[in-house]
Amino acid sequence: MKQLILLIILFWLSTSTIGQTNIYHPYVTDSVMRTTYWIYSMGNEEYFCYNWIGDTTINSTLYSKCSRVSNNPTPHLVYYGGLRQDIPNEKLYYIDLSNTEYDISVNQHLNIGDTLQIPCKFFEAFKIGFCYDPDDGTAIITKIDSILIGTTYLKKYQTGASLSYSFNPLVFICGIGIYEITGFEYGYTLYCYAVNNVSLIGPPLSICHCSLLTDMKEPATAIDAISIRPNPVRDYLEIEIGNLSEDNSFIITNILGQSVLERNITENKSLIDLSNLTGGIYFMRVEHNKTVCNYKIIKE
């Protein structure tokens, strides 16, 4: 009898995983709150909050608005792109600030041993670091199982290291995105995931370092006028400043507070050569319109 029960359990586990193979799980792209958690090799920790809420029409096409939550000077949303889905064709598209659309679809019908390919722009859309080349998001699936999110079982991939070795093993949940990345230099986790203020992944919303904002006002603050990418960075860091004033400069220091590079900024877009710096954590101080903004830079 015990052997029969064991066989039934094993059969159920195998069929539940196989059953997920032929199911496409659409992404929820409205009224979504995502909090990401990063921990770095030096022990530093950071939380970042993103809201996907509201719609925008670009080139006669409707997109869900993707925004990060800024707390300067008060909590508000800063738009960074849009998402749209073609569910019958199992496609997910992302449009960036240049209004260029990218296909960021991920195959949800893979098996163990297959190659998982996550498009570079997927990392940008879901705000998971920066992708340098297609192999960054390419890895071999080593394990597949199901995970209960709310009332729905979703397919979960676990992989080995990416083929470019830009990241170590990751966990990808179909219909949600990258859940976890493990590595020596940093670790990433989708700390909180909520839809319509109902927590589906992570702790209660009261301690998620985030909330779903309905105020879509986007005041133009100094920190929002500055864009720094990619981060982490290998060789060149691009800094873009809107409304360039007469007095703009930056200084980069190491973890000991020693200056390693400083310069005046004379153009709206500038490339900063960091190729001579050793890998690690640096801090960047940008002065813009009599306002000081500070950033943490990860040098690979």
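For segment 264-282, enumerate the residues that are touching a Lys or Arg at 6+ places or on another chain (Cβ under 7 Å) and outside any loop (DSSP other than H, G, I, E, B).
Hits for segment 264-282 are 280, 281, 282.
So residue 138 passes all but one of these: (1) touching a Phe, Trp or Tyr at 6+ places or on another chain (Cβ under 8 Å); (2) modelled with pLDDT of 85 or more. Which condition number does it fail?
(1)
Please verify whether segment 116-127 includes one or more residues that are in the same structural domain as residue 40 (by TED's automatic domain parsing), in a loop (DSSP other than H, G, I, E, B), modelled with pLDDT under 95 and more than 18 Å from residue 175 (Cβ to Cβ). Give the derivation first.
First, pick out the residues of segment 116-127 that are in the same structural domain as residue 40 (by TED's automatic domain parsing): 116-127.
Going one step further and asking which of them are in a loop (DSSP other than H, G, I, E, B), we end up with 118-119, 126-127.
Cutting the leftovers down to modelled with pLDDT under 95 gives us 118-119, 126-127.
Still in the list and also more than 18 Å from residue 175 (Cβ to Cβ): none.
So far as segment 116-127 goes, no, none of its residues is in the same structural domain as residue 40 (by TED's automatic domain parsing), in a loop (DSSP other than H, G, I, E, B), modelled with pLDDT under 95 and more than 18 Å from residue 175 (Cβ to Cβ).
Could you check residue 67 against (1) within 24 Å of residue 187 (Cα to Cα); (2) small (Gly, Ala, Ser); (3) surrounded by fewer than 18 Cβ atoms within 10 Å (Cβ to Cβ) and say which number it fails?
Among (1) within 24 Å of residue 187 (Cα to Cα); (2) small (Gly, Ala, Ser); (3) surrounded by fewer than 18 Cβ atoms within 10 Å (Cβ to Cβ), the lone unmet condition for residue 67 is (3).
Just to be sure, is residue 243 in a loop (DSSP other than H, G, I, E, B), at pLDDT below 70 and not assigned by TED's automatic domain parsing to the domain that holds residue 172? Reasoning before the result, please.
Values: in a loop (DSSP other than H, G, I, E, B): yes; at pLDDT below 70: yes; not assigned by TED's automatic domain parsing to the domain that holds residue 172: yes.
Judged against the criteria, residue 243 is a match.
The values are calculated or read from the model by the stated rules, or taken from the named source; none is laboratory data. What you see is a predicted model; the values in this text were computed from it and never measured. Virtual Cβ from ideal backbone geometry, glycine too; neighbours counted across all protein chains shown.
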